[in-house]
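Report on the structure given below.
Just so it is clear, none of the values below were taken in a lab; they were calculated from the coordinates. Bear in mind that the values here come from a model prediction, so they are computed numbers and not experimental data. Backbone-built Cβ (ideal geometry, glycine too); neighbour counts: all protein chains shown.
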Amino acid sequence: MAAGRRHNSRHGAGATDTDATDASATVLRLKLAVPLILSAAEIGTAARLLRNGRLVAFPTETVYGLGANALDADAVARIYVSKRRPPTSPLIVHVASIEMARALVGKTAAGARAWPESAERLTQKFWPGPLTLVLTKSDAIPRSVTAGLPTVGLRMPSHPVALALIRAAGVPLAAPSANRFTELSPTTAEHVRRSLGSDVDYVLDGGPCEVGIESTVLSLVGVRPVLLRPGGISRSELELVLGPIDSAEAPSNDAHPSPGMQARHYSPRTPLFLVSDGEAPEGRGVYLQYTRPLHRAGDKLIQMPLSAGDYATRLYSALHEADDANADWIAVDLPPALPEWEAVHDRLRRAAFRD
């Protein structure tokens, strides 16, 4: 297959009724309103492409990922080119089991895997799910995956399509979000296609993502655990297992210990403003309302959910919708500054950042 040529799963362009009724179809019941039917052939095609060094976009419970064989340095390089991603931003490696993750960490001086007891407790409780653990990497992981750092972020997603794909490919998948670097993360296959176009070889459409924002990233390489990126598992949930967790310092211009640490990230094309008084800039805009109404009429209104979890699920899709309005601005009525909102505030702050 020629590089750059895009394929689509049966849920994308070219889907047919025959595909949906294929005798080999596997019903993958997600935590969504409607079960999805993906054929074994689709998963098999995507897996073969990955083994051959190609890029496949696939759904996870957080956002869509742009996957490549994590053990193939050339394939990993294609991720960076396709996303326009700087080499200082590492990639998360997705696995299909705790055993696969253990095989990807380095060894201690005694020859044992550097898999701390804290990793065992966290993976037993939160995997599969939206938690990435940063651990000492094995030599099998190319340095390009980790931005040259001696550590690697590992995650076992809970989305059945992601798990089926990793198992069929038989390799761990390096997979950042399937969009251009620093732009809005994709929570549907259509978001992927619009962002990456022909720079992705195949798109598996698993419907909308359930969690809606990226995974929590927690480093376990130091004396105390460090929260590098808030996400789908809250700080308080982690502290119930581990005790107090430190917060990461602002990264330097060198390699970052985790993705998502750039000052500007997750950003729409339209200028984004964070407001708390119902005021908005001049011109025509889109207002994401939490509880405070906009002080003027005539602008597009998107009502956001009131709970932190539901708000996170809706956030990127609402920002995509607002961005598509081609307005002069997007204003976000800030939700409460409470612990359970930490990940949402992180995404909003970075999305609104201006140099």
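Plugging the Kirkwood radius over Cα pairs into Stokes-Einstein for region 136-210, at a temperature of 37 °C and a viscosity of 0.692 mPa s, what D comes out in µm²/s?
On the way: Rh = 14.2 Å.
The Stokes-Einstein estimate is 232 µm²/s.
Order these by the 10 Å Cβ neighbour count, fewest first: 252, 118.
252, 118
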query = Taking neighbour Cβ counts within 10 Å as the exposure measure, how do 286, 81, 344, 221 sort from fewest upward?
reply = 81, 221, 344, 286
inquiry  = In whole Hz and in residue order, list the ³J(HN,Hα) couplings for region 269-276 that follow from phi through the Karplus curve 6.51 cos²θ - 1.76 cosθ + 1.60, θ = phi - 60°; x for Gly and Pro.
reply    = 5, 6, x, 10, 10, 9, 10, 9
task = From the P(r) of region 154-252, can you give the percent of Cα pairs sitting at distances over 19 Å?
result = 54 percent
ask   = What's the longest piece of the chain with no exposed GluC sites (Glu not before Pro), counting a site as exposed if DSSP puts it in a loop and it has at most 10 other beta carbons within 10 Å?
value = 1-248
task = Arrange 270, 216 by Cβ neighbour counts within 10 Å, fewest through most, would you?
result = 270, 216
ask   = When the convex hull of the Cα atoms of region 62-131 is projected onto a plane and the area is averaged over all directions, what value comes out in nm²?
value = 6.0 nm²
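If you stretched the chain out fully between residue 97 and residue 74, how much longer would it get, using 0.36 nm times the residue separation minus the C-alpha to C-alpha distance?
Working: separation 23, 0.36 × 23 = 8.28 nm, distance 2.45 nm.
Length difference between fully extended and current span is 5.8 nm.
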query = Counting only Cα, what are the radius of gyration and maximum Cα-Cα distance Dmax of region 253-314, in Å?
reply = 15.0, 46
query = Taking only the alpha carbons of the chain, what extent do you get along each of the three principal axes, in Å, biggest first?
reply = 64, 55, 34
ask   = On alpha-carbon atoms, Rg over Rh for region 272-352 using Kirkwood Rh?
value = 0.93
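Counting DSSP beta bridges in the chain, what percent are antiparallel, to the nearest 5?
Here the share of antiparallel DSSP bridges comes out near 45 percent.
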request  = Count charges around residue 335 for me, please; just the other residues with Cβ under 13 Å from its Cβ, Lys/Arg as +1, Asp/Glu as -1.
outcome  = -1
